[in-house]
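To keep things clear, I will list the structure first and then write my remarks on it.
The values are calculated or read from the model by the stated rules, or taken from the named source; none is laboratory data. Values in this document were obtained by computation on a predicted structure and should not be read as measured data. Note that each Cβ is placed from the backbone with ideal geometry, even for glycine, and that neighbours are counted across all protein chains shown. Quick note on the areas: whole protein, heavy atoms, side chains included, nothing else; ligands and nucleic acids left out. Shrake-Rupley method; radii C 1.70, N 1.55, O 1.52, S 1.80 Å.
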Amino acid sequence: MNKSYSQFRASIAVAKASFLAMLRSPTSVVFSLLFPITFIIVFGAMVDTNAVNIKIAFTPNSDTSGILYKAIRNVNMLHAVTYPSSNQQYEELSKGHIAAILDIKPDSKILFLPHYHVQLISSNSSADKAPMVQSAINDVIAGLNHRLFQKNFSVATLDIKILPGRVYRPIDFILPGQLGFSLLMAGVFGSAFLLFNLRQGLVLKRFFATPVKRPYLIIGEMLSRLFFQVIGFAIMVALGYFVFDFTLVNGILTFAEMLLLSLLGLIIFMGMGFIISGIIENESSIAPVANTITLPQILLCGLFFPVDNYPAWLQSFCKLLPLTFFVDGLRKIAFEGVHIWQMPVQIAGLLCWAIIISIVTVKVFRWE
């Protein structure tokens, strides 16, 4: 008695063959692993980009023995640099290499009390940083006044209370974005070129002669991509967690939920690649069309910069893109500890895109 043909086993066979092909493809490895890992290492090793670092210099004749100089040197955002001569100081200031030159002179206006005259010298080259230096100096002077003249009347007092919470590191923003970048590039470019080459090589035509149905062929390709992405996903998350202290609030459960969310993203991005390969007639047109789809998402979906930094009219568009839903979901799961069922906006957005892309993918799929 003949056994019925197993579509599931056919999908697994397609997935296995496709996975081996991806491992042998330099393009898949570069876009899925090398680029994202390089970005993670570069951004993870960077000093916190939210910290302000302003270089200043003191004139050779500045008073460096008084309390004002010492207080200014203790300001975290101000970093004093020294030069051999005042001429070199002014040259560096004119080039914008330093924000300001400070000249501190003690005077004797008030007997037995320290008093100084501070001249702040800036240039048009550092017009954006000079006001911050001025504000910092005013804060230093106000702080010294408060310590030396505590009886002075004040219109208000400020009390600062810091609540406990997780430290939000740059890697907590960067890593989910790079996971999205990896999935997007591997899904769109990898699927588009792979399926087009299979069609051009008449491999799909041979598949057509077999009992394998179109949905199961697509499922097989998706399974191979999923397994390949799981490997890359695990490597990138492990790198971020063990080397750069990436936050996984609930440990292995958070990792599993992030991985589950990536399945939705994979369906969407691979579907985009399948659609491109189904409507493009020549291989040279794949890259321009794929870049037209991927580049706006890379720039607008919060991979490198928060979406909130864009104008309000552009934010509305950005928040509708599938990569935005995906990356926002990853960040909520990883840092905020939100479970998948607790973020309906992101899941609903991804599901809508997945349904639309899946329908179009099956419609435009061609065997030859």
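Each residue was assigned an accessible area with a 1.4 Å probe, and for Lys16 the value is about 140 Å². Our coupling estimate for the range 284-295, obtained by passing each phi through the Karplus curve with A = 6.51, B = -1.76, C = 1.60 and θ = phi - 60°, is 5, 8, 5, 4, x, 5, 5, 5, 4, 7, 7, 4 Hz, Gly and Pro reported as x.
With K and R counted +1 and D and E -1, the other residues having a Cβ less than 15 Å from that of Ser262 yield a net charge of +1. When Leu33, Leu120 are compared by accessible surface with a 1.4 Å probe, the order from highest to lowest is Leu120, Leu33. When the surface is traced with a 1.4 Å probe over the full set of protein chains, Met270 keeps roughly 0 Å² accessible.
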